[in-house]
């Protein structure tokens, strides 16, 4: 057992002792623990250990900021990859697939990769002065544990309201998210925790604002590409969808959208319904 408690570095003695106390507190069976009070019958030594353990656990706000940093790094890399692909003339599907692959690769690097190198901290937690340890024995989380905790278990966010339940657990007195309980982990403060409040606050603000901006741009672009207000009377969204379904079998969606917009603004709807598209289609293909 002595090897389990070997210090990683001399300057981490206090943090390592805190991790031991937190792990011992989390592993204690069938015992009600409070963060600021203890039953009269508890031994003073146990109370001190529990107090240290709970005080050492990172708060929900810091953890939210850390997630924003991890996700922001992945989103930034994906955005650069997508814009580069679009500038190179790649199709919409290729651009989306490439951006998705880059996002996932960057996320794994920022979580599992950095966790392995830093001794228990993702990129965001490293910036926020935190690290993740095993609740059973206080050992720093490695790449495999981070992959399970930060990637596989986050797939549960696809379940409606799971993210809300997970966040509620993380903001509770125990400060252990539902994923922490499933993975057997604790998120602890380090000596740099207090000085990183500004970093995580700024990261959370930028991350949330960036996400809202991305969603807004996506909605605006979708509305722009599906806008029928400039079309001649009679054209509907159903007409556009039917045209796009047939056209995209031969041409890309971007060019098909351009062709439809040109036709719907130049060709009377009666001729469109009758299929009299030859001249208008030829002009639209040249324009697009």
Do we find a residue being surrounded by fewer than 19 Cβ atoms within 10 Å (Cβ to Cβ), in a helix (DSSP H, G or I), free of Cβ contacts under 8 Å to residues at least 60 places away in the same chain and in contact with a helix residue (DSSP H, G or I) (Cβ under 6 Å, 6 or more places away or on another chain) anywhere in the stretch 123-130? no
Among (1) at pLDDT 80 or above; (2) farther than 30 Å from residue 79 by Cβ, the one test that residue 248 misses: (2)
Given the conditions (1) over 18 Å from residue 193 (Cα atoms); (2) touching a strand residue (DSSP E or B) at 6+ places or on another chain (Cβ under 8 Å); (3) buried (at least 21 other Cβ atoms within 10 Å of the Cβ), every one holds for residue 111 apart from (2)
If I filter the stretch 166-173 for residues that are crowded, with 16+ Cβ neighbours inside 10 Å and in contact with a strand residue (DSSP E or B) (Cβ under 9 Å, 6 or more places away or on another chain), do I get at least one hit? yes
Residues to consider are 234, 198; find the one that is at pLDDT 75 or above, in contact with a helix residue (DSSP H, G or I) (Cβ under 6 Å, 6 or more places away or on another chain) and either in a helix (DSSP H, G or I) or on the phi > 0 side of the Ramachandran plot (or both). 234
Breaking point among (1) within 37 Å of the chain's Cα centre (by Cα); (2) at pLDDT below 85; (3) over 22 Å from residue 87 (Cα atoms); (4) part of a helix (DSSP H, G or I), for residue 279: (1)
Which one of the conditions (1) within 22 Å of residue 73 (Cβ to Cβ); (2) in contact with a strand residue (DSSP E or B) (Cβ under 6 Å, 6 or more places away or on another chain); (3) surrounded by fewer than 23 Cβ atoms within 10 Å (Cβ to Cβ) does residue 141 fail to meet, given that it meets all the rest? (3)
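The values are calculated or read from the model by the stated rules, or taken from the named source; none is laboratory data. Since the model is a prediction, treat every value here as computed from it, not as a measurement. Here the Cβ is made from the backbone with ideal geometry for all residues, glycine too, and neighbour counts use every protein chain on show.
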